[in-house]
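One structure is given here, and the rest of the page talks about it.
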Amino acid sequence: MTLFNSIEAFVHSLEHEASRTCALLDALTDESLRTRVAPDLRTLGEMAWHLPQSLGSIAAQLGIVIDAPARDTPPPTRASLIRGVYDLAVSGLMEGVRQWDDDALLGPGDVYGERWARGHTLRVMLDHEIHHRGQCIVLMRQAGLEPPPLYGPVARDVPHPFDAGPPAPSERLEPRIVVAWRIENIIWWAILTAGAVAAEWLWLPDVSWWPLGAWWGAACLSVVVLCLALAWPPLAYRGWSYSVRKHDVMLAYGVLWRVRRSVPRPRIQHVDVRSGPLDRAFGIVKCTLYTAGTGEADAAIPGLLPEVAEALRERLLGRGQIGG
């Protein structure tokens, strides 16, 4: 049986635990007090209100009368009032216990029909508060509140275990992808231009000034598209990078709109290495990641050397090195 064997030891423990409870009560909001996880369970306000109630109830078993709410008293609707009542209960308990000497802690008392040493009852009192404080933390999470760090850092203060150590270096695409992209763009430009010329030749009449304006407009538009087709690939190449970290694959790409995309490694189901005729002409391939998801669940990394893509595929599927 654990018990306190000195008044100062209990007062020291009470001060520490009370400071933690006060930090929790200070984090509550008036709206959060109505939070409950099931209709027949206590709300967060009722659970927080039980903290000063239990101090008064257990202290009464020891013959100490403190200013604490009775068990049937409904909780207030303001969190600050609960904090104020708790402060009064702690102060009264501390004052009452200081009236004893250390030998009184070993003496027995009738506590809810059982014979406990007073030092043991005080230990149970603090353990009981810790127990219900933990339940308050669960309800705070349900209410969308961040609990305070009582015995150590909370989730927001703990770095992800996979992020320990230096960050993974960003990898670049093969520079030859720029030429491949330019050629691909020129091919599409030629197809669209030929289609536009055929459409104007067949559908527009040639007996007025309008066809001449249409031809000039189409020619200017074609020149603009050709310039973009040649200038865009270097810009896209400078914006492309990827890094393989321990918990995800981070992709960064885009010119006007920059995108940073994280693909969780546990969700990657398989990896394909593909190459079209133009890719093979430049000795590069595309690595496509397929994940367990819907919508834009897949991701592709273009412009890789075949050996780099194969090593990446083995690594992501867990058959290679797992480092970040």
**Message:** Using the Kirkwood radius over C-alpha pairs as Rh, can you work out the diffusion coefficient of the chain via Stokes-Einstein at 25 °C, viscosity 0.890 mPa s, in µm² per second?
**Reply:** 92 µm²/s
**Prompt:** Can you list the HN-Hα couplings for region 43-55, worked out from phi with the Karplus curve (6.51, -1.76, 1.60; θ = phi - 60°), rounded to whole Hz and with x for Gly and Pro?
**Reply:** 6, 4, x, 5, 5, 5, 5, 5, 4, x, 4, 5, 4
**Message:** Along the Cα→Cβ direction, 7 angstrom out, place labels at Gln135 and Asn5. What is the inter-label distance in nm?
**Reply:** 3.3 nm
**Request:** Using a Gaussian network model of the chain whose springs link C-alpha atoms within less than 10 Å, name the residue from Trp232, Trp257, Trp188 with the highest mean-square fluctuation.
**Result:** Trp257
**Asked** How do Thr193, Thr21 line up, fewest other C-beta atoms within 10 Å first?
**Response** Thr193, Thr21
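Each value in this text was obtained by applying a stated rule to the coordinates, not by laboratory testing. The shown structure was predicted, so the numbers you read here are calculated from the model rather than taken from an experiment. Note: ideal-geometry Cβ built from the backbone for every residue, glycine included; neighbour counts use all protein chains shown.
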